1. Filter the stretch 122-145 for residues that are open to solvent by less than 30 Å² (accessible area, probe 1.4 Å), under 21 Å from Trp72 (Cα atoms) and touching a residue at least 24 places away in the same chain (Cβ under 8 Å) and give the result.
2. Is it the case, given these coordinates, that Ala148 is out of contact with any helix residue (DSSP H, G or I) (no Cβ under 7 Å at 6 or more places or on another chain), under 23 Å from Val192 (Cα atoms) and touching a residue at least 40 places away in the same chain (Cβ under 8 Å)?
3. Evaluate the following for Asn241: is it modelled with pLDDT of 95 or more, open to solvent by 30 Å² or more (accessible area, probe 1.4 Å) and under 23 Å from Gly97 (Cα atoms)?
4. Go through the stretch 151-165 and count every residue that is over 20 Å from Asp196 (Cα atoms) and touching a residue at least 60 places away in the same chain (Cβ under 8 Å).
5. I need a count of the residues in the stretch 115-161 that are under 29 Å from Ser235 (Cβ atoms) and among the acidic types (Asp, Glu).
6. Looking at the stretch 67-74, can you tell me whether even one residue there is more than 30 Å from Gly172 (Cα to Cα), polar (S, T, N, Q) and surrounded by fewer than 21 Cβ atoms within 10 Å (Cβ to Cβ)?
7. If Leu286 satisfies every condition in (1) part of a strand (DSSP E or B); (2) without any contact (Cβ under 8 Å) to a residue 40 or more places away in the chain but one, which is the exception?
8. Kindly list, by first and then second residue, each pair from a residue in the stretch 292-304 that is under 20 Å from Gly242 (Cα atoms) to a residue that is open to solvent by 90 Å² or more (accessible area, probe 1.4 Å), limited to pairs with Cβ atoms under 7 Å and residues at least 6 apart or on different chains.
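The values are calculated or read from the model by the stated rules, or taken from the named source; none is laboratory data. Just so we're clear, the structure is a prediction, and the values are computed from it rather than from any experiment. For neighbour counting, all protein chains shown are included, and Cβ atoms are generated from backbone atoms with ideal geometry for every residue, glycine included. When the accessible area is computed, the model is the full protein with side chains, heavy atoms only, and any ligands, DNA or RNA have been set aside. Shrake-Rupley method; radii C 1.70, N 1.55, O 1.52, S 1.80 Å.
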Amino acid sequence: NGKIYVFARQGEDEVLLSLDAVTGKEVWRSSLPVAYEMHEAARGHGKGPKSTPVIDGTRLFTFGISGVLTAWNTASGQMLWQKDFQKDFPATSPDFGVAMSPIVAGGSLIVHAGGPGNGAIFAIDPAKGGVRWTWKGDAPAYSSPVVADIGGTRQVITQSQSHLVGLGLADGKLLWQIAFKTPYDQNIVTPVVSKDVVIYSGIGNPLAAVRVSQQAGKWTTEQVWQNPDLPMYMSSPVLHNGHLFGLAQKNRGQFFCADAATGKTVWATKGREGENAAVILAGDLLIATTTEGELIVAKADTSG
C-alpha cells in the first residue's frame, strides 16, 4: 500500500519505521529498548536486528536479535502483541543473535525460537499470538524457513542447528530430516525448493540437493547431486528458469550460476566479490548488495 517498512537499530533501540515509498518521508516510528551484547566473534556485524520483517494483511511481525517476536499494526505502528520465549528456553537466541526471518503460511506465523541446544519451531496465530503447534526436535541456527508443496503435502523446510528438516505445515509433524552440521553451528543458508528437490549448503559443505518423496506412507530423502566447488556461507541463492544464482564461499566470494537439475557449475566469477551478499530476484534481474555496501544489478543469464 505504498509503504516501505524498515526494521533497524538506533542506539539501544530496535526501531520499526514506516516510510512513504515515493517521498521517503517517515509515516510512523515505533521502538523497543533492546540492549544486546554481541558474541566477541561477531562484534563486527553490529547488534542487529538481522531478521527480515514479514507482512500479513494489516499486521507486520518483527523478530528482534534477542528473540522477541512482536506483532504491529501496519497503518499506525501500534503494538498488537508480543512473545519473548523466556519461559520456554534458557536462552532465546543463538550465539550470534537471531537471524531467522519468520514467514506466514497456511494462516500461521512460523518462527524458530530458542538458543543453543534448546529451541523449537512454532506455528503461531497471527491475530492473537497463541501457539497452534510446536516442534521441539532441534534448536535454531540462522537459516530462514520456506514452505513448499511436495507430494501433495505443504511442508515447512529449514536448516535447524544440526539438521535439514521438513515438517507438516498443518500440524508440525516431522516428515523427514537429514543430519547437517557446520563449524560453530552456523547453518545459515535458506533452502531452495525446485519441484520435489531441496537444495542446501553451508560453510565448508558442498552445494547439495536431495529428492523428497513419500513411499508406502513413509517420507524418504535421496541424494541427487553435490557440487564441492560451490560451498555457501551466509548468502542464500535464488532459483530462476531451472538455474541457481548466488555467491559461493570460495576465492573470497564468487558469484555463480549452477544447473539446478544436475548441480553442475555453469559459470563463476573470478572471486573477491564479497564475503557475503544478499541476493534477490526481480523478474529476469539479480539484485545484490555485498559486504562492502556495493549494489549490483545483473541479468540472470546462463551465458555469464
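1. Ala123, Ile124, Pro126, Gly129, Ser144, listed by residue number.
2. Criteria met by Ala148.
3. In short, no.
4. Total meeting the criteria: 1.
5. Going through the stretch 115-161 one residue at a time, the tally reaches 2.
6. no
7. Of the numbered conditions (1) part of a strand (DSSP E or B); (2) without any contact (Cβ under 8 Å) to a residue 40 or more places away in the chain, the odd one out for Leu286 is (2).
8. What qualifies is Lys299/Asp284; Ala300/Asp284.
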